[in-house]
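The values are calculated or read from the model by the stated rules, or taken from the named source; none is laboratory data. Small disclaimer: the values here were computed from a predicted structure and weren't measured. Using ideal geometry, Cβ is built from the backbone for each residue, glycine included, and neighbour counts are taken over all protein chains shown. Quick note on the areas: whole protein, heavy atoms, side chains included, nothing else; ligands and nucleic acids left out. Shrake-Rupley method; radii C 1.70, N 1.55, O 1.52, S 1.80 Å.
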Amino acid sequence: MSRSTPARCRLPQSSFSLNIVPSRLVWVCMLLSLTASQGSQDTLHLSTCTYQVIAAPPELLPGLRRVTEEYKGIELKIPGSRSHETVRAASIVGVDSEICPETVADEKGPEDTGDPDAGSWRLRFEQRSNPSDDSRWVSGEQRGQFFVIGYGSAADAFYGLGQLLTAKAERDSHRQTAGSHCDPPHDFEHRADMTMIGMMLDVSRGKVPRVATVERMAQMLALGGFSHILLYMEDMIQLEGEPMFGHLRGRYSPRELQEMDDAAQQYGLELIPCIQSFGHLEQVLQWPRFAKMRDSRYRIRTDTSAPYNLLDRILATLAASLRSRRVHIGLDEPFGIDAQHAGGENGAAHRQGVVRAHLKYVAQLCKRHGLRPLAYSDPLFRLRSPDNNYYDLRVPPLEDEALEDLPEELDMVYWDYYHVEPRHYMTMIDKHAPILHRWGRGNGRQLVMATGAWTWNRFWASLPWAFGTIDAALVAAKDRGVRQVFTCLWMDDAAEVELWSAAPALAFFAARAWAPLSLTRQIVQEHAAAMGKAIAGVDARAYIVASGMDIPPGTEPGQGTSNLGKWLLWEDPLLQHLSLRTVTINISTYFADLADWLESANTARDSSSKSSEDTHEVAPHDDALTFASRLAHTLALKMAWQAQVRRVYLDGDLQQMEARVAGQQLQDLMMAVDGLWQKHRDRWLAQFKPFGLEVLEVRYGTLRSRLETARFRLLEWVASGGADKVEELEELMIDPYPHLSLSNSPTLCWGRAVTSAMPKADPVTAFPPGTTILPSKFVFKLKKMKDSFLDKFKARCTTRGDMDRTFYEEAETFAPTPHLITFRLLLALCLLRRLAPYHYDVSQVFLLEPIPEDERYYVRFSKGYIHPLGYVGAYMKKALYGHRTSGRLWSQNAHRFMTDHYPTLSRSTYDECLCIGWIDGHLFIVLICVDDFVVACVDERIRAQFQIDIMSTFQATYFGVLKQFLQLKVDVHTETRPT
């Protein structure tokens, strides 16, 4: 199939077809689980379909063997062994050197025919030079009974294998019956214009992964399309002669570093060490041994040789332990540097000069050990901002002069985890233009981009926010030609997070890095979910739901994103100052429902795993949802108890306090806390070194002891007959963070929405006798954006128009709504006449028109609404939602607008919503659907004049070329319109 020939993919049991170009074939086919089968009677359940690797270069074999050990569903066959051990599903043949098909044919048994009809496909791995450049590349194509995976690097080869596993799992999920045919893999070709697709793992704040954990992560990262692992260590390195360096922190020995490097290397991944050479060194500088190197609590001095001698030894250890010739030297967030910098010649230098001189010296140290350094770029921007703001758009772009005294081999890293608009990232990348365009190719200085998976300061990764920021960042990176990217898993504040909760974010990061820029976020995200399910056994939907731990109803993830679950768990049970943010939400019920949902999802996954023929070995991430469910359950009990204890105390209900609140209810909460702590501890010790766990257990211990004290205090109050006071509960609850909570609390947001929705009418304190009085009510809705993030709180005041006994003609009652066939006619005319359809929306159309005096009525305010001035209703002089006059009046107004401004247009006798005619010799069409106007024309001047007319008459919004109408998605491709 030539690359320019369209390919047709067909969904199983469906006649729907989709034309796509072959470069995108594998993405769409994998996403939609497309198969080549035309029926079920000739199909074979893919749990018995095998892939047999008959040829692979020696460097792939260690990794291939490890893949077969970690996954059920893989059959391992080694030529020359006594028997072929069958483990299930796919097969990998490992050999010590590259072999040919004939050799394998001699070795195989009678049951192993290599025939698709027998349920197997032979795989060959062939390393080839990239036909274009040094970007990442992998392909798969069928050659007879063989399927050949061509690749550029070892990491690309494992990514190709991961895509086969993904496609196989997707096809397998759609199989209903067994037969005798094994469908071939789909041909594919993936290109990523990236030389680095990496993950940075923070091991400096506790939760130091064991070597086996790093190896398991490396395997899944390679299968998912990553090429690099960056290990952020700070002082987590054992240095000879420096016993206090990384003391009591779980530091890695040189041998452990070598073992992790070997683990990554067997999958073609490069392990890059990351240290700090300037700031963020408080864990080192706290010891008296390093006091003379300290300029501030967390930053070293630059006017003495001692810190540089220490850095030299760190670099020497890393260079001797790891294969990578790159090292990340940090330099982010250089806070506190000023002209009074302590001591020596640098003390009189400008603060930018301090950083430049330091960078230059550290780069020389790296060069001495054959290492190429990377450093964060924010000092070059922060120190020029009056607000010390990295993302200050007022700061001008870097100039060539600013880089002249920096080593050319120093790569700069632009990090940004906080924005969801690609335009922001593009602007910041443009500010790095000299780095990207002057030295962006070859061995010169390069720009690297870092995103974040939002794992820090929380128990569970904020996946919705991570998806938004990663997507925007990588779209901008691709658009601007940035070729090295990685995403960060930071572990700030004691590494409380469930590490594997970030798996969907990592899958999405890799999928977006590999996907063509033209693919939408939804397509990429769905493919990432399928890839995560096949490779890591992760249910992306359940993991995203678990992110709701921090995003209850009425809140929105964002910069400074909520980590409410953490706040509420550690909040003191008696000194409640954070729960006030949740007073308008039945938060305990919300957490209880979340816990039940997660438990059901976990149970369903376990049942599916037991019955499936193609599952993974038990892995550390398998139990992540159990932890999330227990956390939600504990929060539900704690929030219910905290709400009840204050109410019961203030009511003076001694019996209820003794029997329930200080009795069984509190006991259940304490048992839940114990269970959550034990699960957290067990998962930690199974995957990570014990260092750092003590910080987490201090928090659990504090919560447990405070609950014991709460029981003691409450029972003491009961014993005194209520005479003694529980002074903690006497305190008034005040929100200490009004700028974060109350101003954006659901109560006030709904209040503002109700105020803005009140009808613009004459308020009354009483209703005259004998008048028409209609009840009203408010309709509430949480408006969401395309990414399911909260957009706004919306309220609408409506009247019970059905209770108005006034008679109206049925044809005059409703707003203009066209027939569907009229819309189809419009599209046909657009194609035939080369017209472009444009979309306008008019706001509040049912509130615009005055009501005739003989049709006016009174509205009684909704029950529960109290007007601040005591009004009970309003006399309606203008239309209101819900009344039958509103649609009729708007219809008259809309057609009056068309008649006044465009008298030459004719209204269709079949459908009065369609107006069509000629203006200045050009066809002009207007279709009205309630408050939407679709305008079709070929002359831009006519459209511009229409825009002026409608916006000067109504409160209208222009949405550009039509994209959606009558709940139908419309794709307009102007370059392919017929002549």
**Fill in**
Note on the range 372-422: residues in contact (Cβ under 8 Å) with a residue 40 or more places away in the chain and small (Gly, Ala, Ser) are ALA375, SER377
**Among (1) closer than 24 Å to SER891 by Cβ; (2) assigned to a strand (DSSP E or B), the one test that LEU923 misses** = (1)
**Item:** Options ARG326, ARG299; residue that is among the charged types (D, E, K, R), more than 14 Å from GLY370 (Cα to Cα) and open to solvent by less than 40 Å² (accessible area, probe 1.4 Å)
**Value:** ARG299
**Request:** Can you work out which of the residues in the range 260-288 that are in contact with an Asp or Glu (Cβ under 8 Å, 6 or more places away or on another chain) and in a helix (DSSP H, G or I) is most open to solvent (accessible area, probe 1.4 Å)?
**Result:** GLN283
**Message:** ASP932 - would you say it is closer than 30 Å to GLY801 by Cα and either at pLDDT 90 or above or under 37 Å from the mean Cα position of the chain (by Cα) (or both)?
**Reply:** yes
**Message:** For the range 454-499, give me each residue that is part of a helix (DSSP H, G or I) and without any contact (Cβ under 8 Å) to a residue 60 or more places away in the chain.
**Reply:** ALA466, THR469, ILE470, ASP471, ALA472, ALA473, LEU474, VAL475, ALA476, ALA477, ASP479, ARG480
**Fill in**
Expected single match for crowded, with 16+ Cβ neighbours inside 10 Å and out of contact with any Leu (no Cβ under 8 Å at 6 or more places or on another chain) among ALA363, ALA357, ALA375 is ALA357
**Message:** So in the range 365-401, with the set limited to residues that are in a loop (DSSP other than H, G, I, E, B) and hydrophobic (A, V, I, L, M, F, W, C), which one is modelled with the lowest pLDDT?
**Reply:** LEU398
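A quick yes/no check of all residues on (1) free of Cβ contacts under 8 Å to residues at least 40 places away in the same chain; (2) closer than 30 Å to ARG136 by Cβ; (3) out of contact with any Gly (no Cβ under 8 Å at 6 or more places or on another chain):
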{"position": "ALA222", "(1), (2), (3)": "no, yes, no"}
{"position": "SER227", "(1), (2), (3)": "no, yes, no"}
{"position": "LEU230", "(1), (2), (3)": "no, yes, no"}
{"position": "GLY250", "(1), (2), (3)": "no, no, no"}
{"position": "GLU259", "(1), (2), (3)": "no, yes, yes"}
{"position": "LEU269", "(1), (2), (3)": "no, yes, yes"}
{"position": "ARG294", "(1), (2), (3)": "yes, no, yes"}
{"position": "ASN309", "(1), (2), (3)": "yes, no, yes"}
{"position": "THR317", "(1), (2), (3)": "no, no, yes"}
**Request:** Output the qualifying pairs, or none if there are none: Cβ atoms under 9 angstrom, residues six or more apart or on different chains, first residue in the range 946-975 and surrounded by 12 or more Cβ atoms within 10 Å (Cβ to Cβ), second residue among the aromatic types (Phe, Trp, Tyr) and part of a loop (DSSP other than H, G, I, E, B).
**Result:** PHE946/TYR902; ASP949/TYR902
**Fill in**
Restricting attention to the range 656-715, the residues that are loosely packed, with under 14 Cβ neighbours inside 10 Å, touching a residue at least 12 places away in the same chain (Cβ under 8 Å) and either touching a Pro at 6+ places or on another chain (Cβ under 6 Å) or among the hydrophobic types (A, V, I, L, M, F, W, C) (or both) number exactly 1
**Prompt:** Can you find a residue in the range 485-496 that is surrounded by 23 or more Cβ atoms within 10 Å (Cβ to Cβ) and on the phi > 0 side of the Ramachandran plot?
**Reply:** yes
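Any idea which of THR813, THR799 is within 25 Å of SER862 (Cα to Cα), polar (S, T, N, Q) and modelled with pLDDT under 85? Give the steps one after another, and end with the answer.
Working: THR799 fails: modelled with pLDDT under 85.
None of the other options fit; the residue is THR813.
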**Asked** In the list PHE627, PHE688, which residue meets the criterion of being within 19 Å of VAL497 (Cα to Cα), at pLDDT 95 or above and touching a strand residue (DSSP E or B) at 6+ places or on another chain (Cβ under 8 Å)?
**Response** PHE688
**Request:** Considering (1) in contact with a Lys or Arg (Cβ under 8 Å, 6 or more places away or on another chain); (2) farther than 30 Å from GLU59 by Cα, say which one GLN266 fails and leave the rest.
**Result:** (2)
**Item:** Pick from the range 759-778, criterion modelled with pLDDT of 75 or more and either of a type in the set (Lys, Arg) or touching a Ser or Thr at 6+ places or on another chain (Cβ under 6 Å) (or both), ranking: most open to solvent (accessible area, probe 1.4 Å)
**Value:** LYS777
**Asked** Is it the case that SER253 is closer than 30 Å to ALA155 by Cα, polar (S, T, N, Q) and open to solvent by 10 Å² or more (accessible area, probe 1.4 Å)?
**Response** yes
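Yes or no, residue by residue, for (1) of a type in the set (D, E, K, R); (2) modelled with pLDDT of 90 or more:
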residue	(1), (2)
PRO288	no, yes
LYS292	yes, yes
PRO307	no, yes
ARG326	yes, yes
GLY344	no, no
HIS350	no, no
VAL354	no, no
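Quick grid of which residues meet (1) over 19 Å from the mean Cα position of the chain (by Cα); (2) buried (at least 16 other Cβ atoms within 10 Å of the Cβ):
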{"site": "LEU393", "(1), (2)": "yes, no"}
{"site": "PRO396", "(1), (2)": "yes, no"}
{"site": "LEU403", "(1), (2)": "yes, yes"}
{"site": "MET412", "(1), (2)": "yes, yes"}
{"site": "TRP415", "(1), (2)": "no, yes"}
{"site": "ARG423", "(1), (2)": "no, no"}
